[in-house]
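Please treat every number below as a calculation from the coordinates, not as lab data. Fair warning: this is a prediction, and the values are worked out from it, not measured in the lab.
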Amino acid sequence: MLKYLMVITALVLLATQAKAQDAKSAEPSKAAKPSDAKLADTSKNIVPLKVTVVFTEYDGEKKLSSLPYTLFLKADENSHFVGRVRMGVRVPIWIGGKESAIQYQDVGSNLDCSAQIAEDGKYILDMSLERSSIYPNSGEYPAASKSDEQPRQPLLRQFRANLALMLRDGQTTQNTIATDPLNGHIVKVEVTLNVVK
């Protein structure tokens, strides 16, 4: 009988200790709940956005080319995420010297964009746009003409712009218009913002 009582007492003590340990392990998870709520709260403030940028070149009224680019980014109140697109080629350019050295130049488009939430369902976009291209008929221009000692050099055209736009979901704006000084072609930049649902 005494052995039976000792076994029951030992089982009761073990059960009490197990309950105490379970209660202790449950406390940190309760303490973690506020931070989980904080994470859920900040995720509600993040808005996924799609920004489409189109470079269009005109010769008078005639459209010559249209180059679209799309960036996916997020707008929130805390971090400043920057979406980036890099697209282009490396063009060899002869720089002379005894060994006929060649240097490579990046030609193409570079786009950087960040977004912030503004009032009344608007978003502020900070954009940095850069586009370079090779003139199709570089030989027509004196600076690109070939001498006896060097191969014909390409002429590179560059366009750079920093934009600050305020747009709503689904809104499109044609913000920048630039004229090429050599051939008079007009370059227009069109920006469209969409909230990703």
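A straight line joining the Cα centroids of the stretch 160-197 and the stretch 72-95 runs 16 Å. Karplus-derived 3J(HN,Hα) values for the stretch 108-120, using 6.51 cos²θ - 1.76 cosθ + 1.60 with θ = phi - 60°, are x, 10, 10, 10, 10, 8, 10, 9, 10, 7, 10, 7, 6 Hz; glycine and proline are entered as x. Given their separation in residues at 0.36 nm each and the Cα-Cα distance between them, Gln105 and Met166 gain 18.6 nm when the chain is fully extended.
Can you tell me how much longer the chain between Met87 and Ile124 gets when fully stretched, taken as 0.36 nm per residue apart minus their C-alpha distance, in nm with one decimal?
Extra length from Met87 to Ile124 when fully extended: 10.9 nm.
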